[in-house]
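Where a number appears in this text, it was derived from the coordinates with a stated rule and is not lab data. Fair warning: this is a prediction, and the values are worked out from it, not measured in the lab. Here the Cβ is made from the backbone with ideal geometry for all residues, glycine too, and neighbour counts use every protein chain on show.
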Amino acid sequence: MLDVPQRARTGDLPAETRVAALVREAHARYAASQDGTVADYIPILGEADPRLFGLSLTEVDGTVHHAGDADVAFSVQSISKAFVLALVCESIGHEQVHRTVGVNNTGLPFSSVIALELNEGSPMNPMVNAGAIATTALMPGETAEQKWRAVQEGLSRFAGRPLEIDQQVLHSEIASNHRNQGISELLTSYGRLRGQPEEMVEIYTRQCSLLVTADDLAVMGATLADGGVNPRTRQQVVSPEVCRDTLSVLAACGMYERSGEWLFEIGVPAKSGVSGGIVAIAPGKGALGAFSPRLDRAGTSVRGQRACAFLSRSLGLNLFASRIHPPKGSDIDE
Ligand code: GLN
């Protein structure tokens, strides 16, 4: 019998002192940038302090490196979609997710209604709002309350600590999320949403209001980077197969219509959220959590993605690279 290794080779991170120095350098490099705009379509998000900027990197062995405002809490927003997808994959499996939600990019913004109409009501993928609401509806539980508990507990297992709702963010979004309500009604009209549309949007909105820090995002991402083992608690949160499936969807769709550019420049699966968070995952190595509220046009943090680009190059995270490439002089466009 051949001795088959259990771990796929993805290379190693540089020495810890080097990683720590590069995380600090990434922060210093972009700290002064004021490019991008803070989201305000959910009114309370417009009140965020645009100066905040935190970076965190958790290695799969649990070593943490951070710089700046890595312990400031903000609502997780769309980054929750990645982890709810993982929980749903764990519950209903690869085939069902493929069939009922889909795994292809829409090429359109995250809240697009046209994308649904162009695809005969298919939500297309779990990272756009339509697909995320449909995915949340597939969480285990008979009632909306049971599904919500499964979401909150599941995301907390990824973070390795109990996550709580920001009530102000929740109420602000509930009072203004007419588009998401419309998307849910449309999904229902196509027979693509399990459960009551108003209830499913509410659970989705609650999951988006959960508070996390850049440090939490790095731990959550590192769990996906290490076959589902949380580096903080050592608990097996989901299976290695589910991590693989989730990361493939993030690579294709995590940055919405700019997912191609993200892969081209940065080359790792990632997810962004409109409050300014990013999680970027380097399988087998660890994950980056970033937070900075000023966004580009697709709704992704500008400083966060510049820092991810710098660290991907200098730490050799890019999945398509066979050697470390020096950081580029030019910046990612706003
Ligand atoms: N809760 C937000 C929404 O549904 C999340 C969007 C995002 O972070 N891209 O609009």
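For region 271-288, putting each phi into the Karplus relation 6.51 cos²θ - 1.76 cosθ + 1.60 with θ = phi - 60° gives couplings of 9, 10, x, 6, 7, x, x, 9, 10, 10, 10, 10, x, x, 10, x, 8, 9 Hz, in residue order, rounded to whole numbers and with x for Gly and Pro.
For a straight C-alpha distance cut-off of 17 angstrom, the aspartates and glutamates reachable from Lys328 (same-chain residues fewer than eight places away being disregarded) are Glu25, Glu261, Glu265. Rounded to 0.05, the FRET efficiency of the Arg24 and Ser248 pair, given R0 = 25 Å and the Cβ-Cβ distance, is 0.20. Along the axis of the charge dipole computed for the chain (Cβ charges of +1 for Lys and Arg, -1 for Asp and Glu, origin at the Cα centre), the listed residues Gly267, Thr135, Gln168 are led at the positive end by Gly267. When only C-alpha pairs under 8 Å and at least 6 residues apart count, what is the relative contact order of region 169-302, in percent? So the answer I get is 20 percent.
Hydropathy at least -1.0 by Kyte-Doolittle, axial extent at least 24 angstrom from the Cα trace: which helices of the chain, defined as entire DSSP H runs, fit?
Values: long enough: none.
Within the chain not a single helix satisfies the rule.
Given contacts defined as C-alpha pairs under 8 Å and at least six residues apart, what's the relative contact order of region 140-236, whole-number percent? The normalised contact order for region 140-236 reaches 34 percent.
Here's the list of lysines a cross-link from Lys81 could span, going by alpha-carbon distance under 26 Å and ignoring same-chain residues fewer than 8 apart: Lys147, Lys271, Lys285. Packing, as the average of other Cβ atoms within 10 Å across residues, places the peptides 197-204, 263-270 in the order 263-270, 197-204, highest first. GNM on the chain, C-alpha springs below 10 Å: top fluctuator among Met139, Met127, Met220? Of Met139, Met127, Met220, the Gaussian network model singles out Met139 as fluctuating most. Taking amide H positions as placed in the peptide plane 1.01 Å from N, state which residues far from His325 in sequence (5 or more) or on other chains have amide H under 5 Å from it. Under 5 Å from the amide H of His325 lie the amide H atoms of Gly316, each far enough along the sequence or on another chain. Across every direction, the projection of the convex hull enclosing the Cα atoms of the chain has a mean area of 16.3 nm².
Sorted by average packing, counted as other Cβ atoms within 10 angstrom per residue and highest first, what order do 251-257, 283-289, 271-277, 147-153 take?
Working: 251-257: 23.7, 283-289: 25.3, 271-277: 28.7, 147-153: 18.7.
The most tightly packed comes first, giving 271-277, 283-289, 251-257, 147-153.
Calculate the dipole size of region 135-253 relative to its Cα centre from +1 charges on Lys and Arg beta carbons and -1 charges on Asp and Glu beta carbons; express the result in debye to the nearest 20.
Working: 11 positive and 15 negative charges, 55 e Å.
Here the size comes out at about 260 debye.
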